[in-house]
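Have a look at the structure below, then the notes.
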Amino acid sequence: MAQCDEEATAFPRFADMVGNCLEYAETAQQAGRPIVGIFCEYTPRELIMAAGGVPVCMCGGDADMIPAAEEDLPAGLCPLIKSSYGYHKERANPFLEMASLLVAETTCDGKKKMYELLARSRPLHLLELTQKSDAPAAFTHWRQEVLRFRDRLQADFGVRITPTRLRRAARLLNRERALRLALAQYSKPPTVLTGVEYLTLKSLIACIPEDLAGMEEALATLEARRQCPERVIHRPRVLLTGVPSPHGAEKVVEIIEEAGGVVVAQETCTGLKPNLEQVDADSPDILTEIARHYYRLPCSCMTPNNRRLEIISALIREYRVQAVVDHVWTGCLTYDVESRRVADWIRAKHRLPYLKLECGYGAADSPRIRTRVEALLEAVQGYGGRSGRSRARKAATSA
């Protein structure tokens, strides 16, 4: 008979995720492995790992870091950019202080100009991401950028990044992607994994062996939950799309679930988007395969960004989504503009309640967000048909 008691700590390995990562990074650095800071999913982690480096996510999720950043950056800039830079100003991120190299990318103008300030005192390599998603010449340029990145890593760290090393790294990252995707399957019906829980099952550092083992343990825990009918979650099923929710900035997912919904799919860089496809580690041209894998990520910086809409539709079907929340950090212009296209797509193709949420990192706007989310969930729960869609539209457009 299945054990249906509540777990004291459902996912023990991830209860102190940052502490675990710091211990791992310090041990790796003492062993001579360089720490490499990254700020975006477009950075090919395989190259860093093949060079013996440790790729660490440096995206800031702490609102307390923003005031220091605003001494140099505009107040209207995206909070993710400001928080990331604030850690630099305050020297408050131990991973940043350990980093031998930072890898930046030209995904948006705000980040690009912030990186210029970082480069004044930090070793930094800039990847120029060409943003025409369907242009062969654009990919050719991106492949050259990946080659240039490989050459920089080889020169800085005195190693040779061979195809064999790249394949080994690709297989490791494929395993991590597969585990993250397998975990997400437990948000499909019968749902036993919440969106907040899914966000806890991550790491700042790629492929820590204990983290991979912890994810496998989490899968066993979730499978046991599915054997217990009382553990199945029956709430309005929400897809979250838009900007990433870095560690410490999970407020929108938390508000949705506190208000009575469950976030069953996150089409974001901190959710499913980076894990939907694998790298073909047996490709005869492994470097080109890696470059192509990252280039296919459907970020709003890409134009046209049709793959994002295709992925949203696939997730709506797979996860039986009942409403869509499109999350935009204040000042993120590309996601803000693209929300119009997403809204039209959701209403025309799926006829689902849709809500756009624009907010910052702080708690001041949380009551307003909660009110709008509650209206959306009420539309799902109690008002079917045309009246429900009308109510959801009102929630999405109200101030």
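The values are calculated or read from the model by the stated rules, or taken from the named source; none is laboratory data. What you see is a predicted model; the values in this text were computed from it and never measured. Using ideal geometry, Cβ is built from the backbone for each residue, glycine included, and neighbour counts are taken over all protein chains shown.
If you go through the stretch 174-199 and keep only what is touching a helix residue (DSSP H, G or I) at 6+ places or on another chain (Cβ under 8 Å) and either outside any helix (DSSP H, G or I) or of a type in the set (Asp, Glu) (or both), you end up with 176, 188, 190, 192, 193, 194.
Residue 68 meets the conditions (1) buried (at least 23 other Cβ atoms within 10 Å of the Cβ); (2) over 30 Å from residue 143 (Cα atoms); (3) of a type in the set (A, V, I, L, M) in every case but one. The failed one is (1).
Out of all the residues in the stretch 60-95, which are more than 15 Å from residue 329 (Cα to Cα) and among the acidic types (Asp, Glu)?
Going through the stretch 60-95, the residues more than 15 Å from residue 329 (Cα to Cα) turn out to be 64-65, 67-73, 85-95.
Passing the criteria: 64, 70, 71, 72, 90.
Restricting 165, 171 to residues that are in contact with a helix residue (DSSP H, G or I) (Cβ under 6 Å, 6 or more places away or on another chain) and in a helix (DSSP H, G or I) narrows the list to 165. Consider the stretch 343-367 and keep the residues that are surrounded by fewer than 17 Cβ atoms within 10 Å (Cβ to Cβ) and small (Gly, Ala, Ser). The one that is farthest from residue 69 (Cα to Cα) is 348. Restricting attention to the stretch 296-331, the residues that are under 19 Å from residue 40 (Cα atoms) and either assigned to a strand (DSSP E or B) or in contact with a Leu (Cβ under 8 Å, 6 or more places away or on another chain) (or both) total 6. In summary, residue 338 fulfils each of the numbered conditions (1) under 16 Å from the mean Cα position of the chain (by Cα); (2) in a helix (DSSP H, G or I) with the single exception of condition (1). Can residue 46 be described as on the phi < 0 side of the Ramachandran plot and modelled with pLDDT under 95? No; evaluated as a whole, the condition is false for this residue. Considering the stretch 215-229 alone, what residues qualify as being in a helix (DSSP H, G or I), of a type outside the set (A, V, I, L, M) and surrounded by fewer than 21 Cβ atoms within 10 Å (Cβ to Cβ)? Scanning the stretch 215-229 gives 216, 217, 221, 223, 226, 229.
Considering only the stretch 49-97, state which residues are part of a helix (DSSP H, G or I) and either of a type in the set (D, E, K, R) or closer than 21 Å to residue 207 by Cα (or both).
Within the stretch 49-97, 49, 50, 64, 82, 89, 90, 94, 95, 96, 97 meet the criteria.
For the structure I just gave you, tell me whether residue 143 is in contact with a Ser or Thr (Cβ under 7 Å, 6 or more places away or on another chain), in a helix (DSSP H, G or I) and at pLDDT 95 or above. Yes, satisfied. Selection of first residues in the stretch 180-206 that are surrounded by fewer than 20 Cβ atoms within 10 Å (Cβ to Cβ) and of second residues that are of a type in the set (Lys, Arg) and in a loop (DSSP other than H, G, I, E, B), restricted to Cβ pairs under 8 Å at least 6 apart or on distinct chains, gives the following pairs, ordered by first then second residue: 180/202; 188/320; 189/320.
If the condition is being in contact with a strand residue (DSSP E or B) (Cβ under 6 Å, 6 or more places away or on another chain) and polar (S, T, N, Q), then the stretch 306-329 contributes only 322. For residue 83, the conditions (1) crowded, with 23+ Cβ neighbours inside 10 Å; (2) closer than 21 Å to residue 128 by Cα all hold with the exception of (2). Confirm whether residue 47 is buried (at least 19 other Cβ atoms within 10 Å of the Cβ), more than 20 Å from residue 157 (Cβ to Cβ), among the hydrophobic types (A, V, I, L, M, F, W, C) and in contact with a helix residue (DSSP H, G or I) (Cβ under 7 Å, 6 or more places away or on another chain). When the stated conditions are applied, residue 47 does not pass them. Of all the numbered requirements in (1) within 17 Å of the chain's Cα centre (by Cα); (2) crowded, with 20+ Cβ neighbours inside 10 Å, residue 248 misses one, and that requirement is (2).
For the stretch 279-286, the criterion of being of a type in the set (S, T, N, Q), more than 19 Å from residue 131 (Cβ to Cβ) and free of Cβ contacts under 8 Å to residues at least 40 places away in the same chain is satisfied by at least one residue.
Among residues belonging to the stretch 124-152 that are hydrophobic (A, V, I, L, M, F, W, C) and touching a residue at least 60 places away in the same chain (Cβ under 8 Å), point out the one that is surrounded by the fewest Cβ atoms within 10 Å (Cβ to Cβ).
Start the filter on the stretch 124-152 by keeping residues that are hydrophobic (A, V, I, L, M, F, W, C), which leaves 124, 126-127, 129, 135, 137-139, 142, 146-147, 149.
Checking which are touching a residue at least 60 places away in the same chain (Cβ under 8 Å) leaves us with 127, 129, 139, 142, 146-147, 149.
Numbers: 127: 21, 129: 23, 139: 18, 142: 21, 146: 21, 147: 14, 149: 21.
Within the stretch 124-152, the match that is surrounded by the fewest Cβ atoms within 10 Å (Cβ to Cβ) is 147.
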